[in-house]
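Below: one structure, written as structure tokens.
The values are calculated or read from the model by the stated rules, or taken from the named source; none is laboratory data. None of these values were measured; they are calculated from a predicted model. Quick reminder, even Gly has a Cβ in these numbers, built from the backbone with ideal geometry, and neighbours come from all protein chains shown. To get the accessible areas, we keep the full protein, side chains included, count just its heavy atoms, and leave off ligands, DNA and RNA. Shrake-Rupley method; radii C 1.70, N 1.55, O 1.52, S 1.80 Å.
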Amino acid sequence: MKGGTIQISWHDGKPVLTLDFHPVSGLLATAGADYDIKLWLINSGQAEKKLPSVSYQSSLTYHGCAVNTIRFSPSGELLASGADGGELIIWKLHPSETNQSWKVHKSLSFHRKDVLDLQWSPDDAFLISGSVDNSCIIWDVNKGSVHQILDAHCHYVQGVAWDPLSKYVASLSSDRTCRIYVNKPQAKSKSGEKMNYVCQHVITKTDQQRGDDTKTVKTHLFHDETLPSFFRRLSWSPDGSFLLIPSGSFKLSPTSEAVNATYVFSRKDLSSRPALQLPGANKPVVVVRFCPVVFKLRGSSSEEGGFFKLPYRIVFAIATLNSVYIYDTECVAPVAVLAGLHYAAITDITWSPTASYLALSSQDGYCTLVEFEDNELGEPVSISVGKKLVDGEEKKHVLEKTDELMTETVPDERSKQAEPNQDEEKQKPLQSKATGEEKKQIMQTSDELMTETKPNGEKQPLQSKVNTPVSSKPARRRITPMAIDP
């Protein structure tokens, strides 16, 4: 595993706010505050034992505002991009004998304010987006129209996720709630059932025991709107067995200091409590992303399979404002920790379709690439999504639990489908997105992957190998996942 910050002009020095790998070709798409989407070819550095590099391919120019999120459809034929001002564009791939070009296919108009996150349905037919106007919208991509509005949040919707089995969608907001919606189809005369998502669970608070007292107090599970990021990108595992939720803020006791955490919710129990929490990061978690490739179990007897009881290994990355933790479901401790890579906040992370690369973007205007050697993460295996794992009934994907954490499930009325009141402004705004010049904060370095600052201020990555994190610093806390009991 080798990686470092690629020192090129990604977007004219302006913040890079999002990135995504094409699921077929492996091209990397990036976008940011310069209004453009750029496509890059990744060049391996394994043969020369160097860092990977990128080659510019083309630009997609249409947006008139900063682009906050881009996502390729599962088939790779479409690309969705969301920007400030409510802009949401669908691009379509037009292959030819000599090259491939992307052209504007549809413009989806309804959001009144910035689009912060989006996610495709598994069949490319629908899209869910989250916005600063406090709403989520499910779009019918073929018709280019609004299919359903989910407007129960009372602050910015900063993350959305679509279940790979198409039963659930989830949204995460700076109102300190995560909402789980379940599909309850409505009868339709001609074309069969109509997809209809209804809010089933609202995850918001924990019950904490007050010292020796038998009484309990409720504390919030998530950071409030003062979190210094516009993104809280959550994600489902490739098999749909669990949901990973960032921006957690957990207290071991009502009087203790809050710990930044990522929550793991089992598909079998999305209603009441996280099955697992991954604590210990010194900065808030803003993005989580799963590797699209599933791997064979290593059979590590020392870890006893970790907390996840799966017949295969799933790898995922958790990004805080200044570092990235790579986990797999067979280990308790992170596989690797990457830190000291950027001078400003991390905004997005993505995996290549073959699991050869992990890329991350930052507000300092740069992106980092990490390259994995062949079979370094493991031996790939195939899984049958949608057949063997339906609501967790056929496979016992059980997560070990203790009795340290409980969440409150708030009953929610039927999801509204009317347009939000355009005159109503809710809550105070978050901090505006800062450029790399405005936020030149030097991030904490690790022993695994570091950068050095030259006298002229230019950041130069060290071509050092990233190993399994074994820190010798006394001040560094080991990150140990904590299990939760039902």
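Taking segment 151-210 as the range and being part of a loop (DSSP other than H, G, I, E, B) and of a type in the set (Ser, Thr, Tyr) as the test, the residues that pass are TYR156, SER166, SER174, THR177, SER189, SER191.
All conditions but one from (1) in a loop (DSSP other than H, G, I, E, B); (2) closer than 30 Å to GLY32 by Cα apply to LEU244; the one that does not is (1). Quick one: would you say ARG112 is within 18 Å of the chain's Cα centre (by Cα) and open to solvent by 20 Å² or more (accessible area, probe 1.4 Å)? Criteria not met by ARG112. Residues in segment 269-294 that are at pLDDT 90 or above and part of a loop (DSSP other than H, G, I, E, B) were compared, and the one that is least open to solvent (accessible area, probe 1.4 Å) is PRO284.
Considering only residues in segment 295-312 that are under 22 Å from PRO279 (Cβ atoms) and surrounded by 20 or more Cβ atoms within 10 Å (Cβ to Cβ), the one that is modelled with the highest pLDDT turns out to be LEU310.
Of the residues contained in segment 257-276, one or more are found to be of a type outside the set (Phe, Trp, Tyr) and without any contact (Cβ under 8 Å) to a residue 12 or more places away in the chain.
Can you name the number of the only condition in (1) over 30 Å from SER9 (Cα atoms); (2) surrounded by fewer than 21 Cβ atoms within 10 Å (Cβ to Cβ); (3) among the charged types (D, E, K, R) that ASP133 fails? Looking at each condition in turn, ASP133 falls short on (2). State yes or no: is PHE222 out of contact with any Pro (no Cβ under 8 Å at 6 or more places or on another chain), modelled with pLDDT of 95 or more and open to solvent by less than 10 Å² (accessible area, probe 1.4 Å)? No; evaluated as a whole, the condition is false for this residue.
For segment 7-39, a residue qualifies if it is open to solvent by less than 20 Å² (accessible area, probe 1.4 Å) and aliphatic (A, V, I, L, M), and the qualifying residues are VAL16, LEU17, LEU19, LEU28, ALA29, ALA31, ILE37, LEU39.
Restricting segment 87-98 to residues that are of a type outside the set (A, V, I, L, M, F, W, C) and in contact with a strand residue (DSSP E or B) (Cβ under 6 Å, 6 or more places away or on another chain), the residue that is farthest from THR69 (Cα to Cα) is HIS94. Right, ILE37: among the aliphatic types (A, V, I, L, M), at pLDDT 95 or above and over 28 Å from LEU338 (Cβ atoms) or not? No; evaluated as a whole, the condition is false for this residue. Condition first: of a type in the set (Asp, Glu) and in a strand (DSSP E or B). Can you find one or more residues in segment 337-360 that meet it? Yes, that holds for at least one residue.
Counting only residues that are surrounded by 15 or more Cβ atoms within 10 Å (Cβ to Cβ) and in contact (Cβ under 8 Å) with a residue 24 or more places away in the chain, segment 40-50 holds 2 of them.
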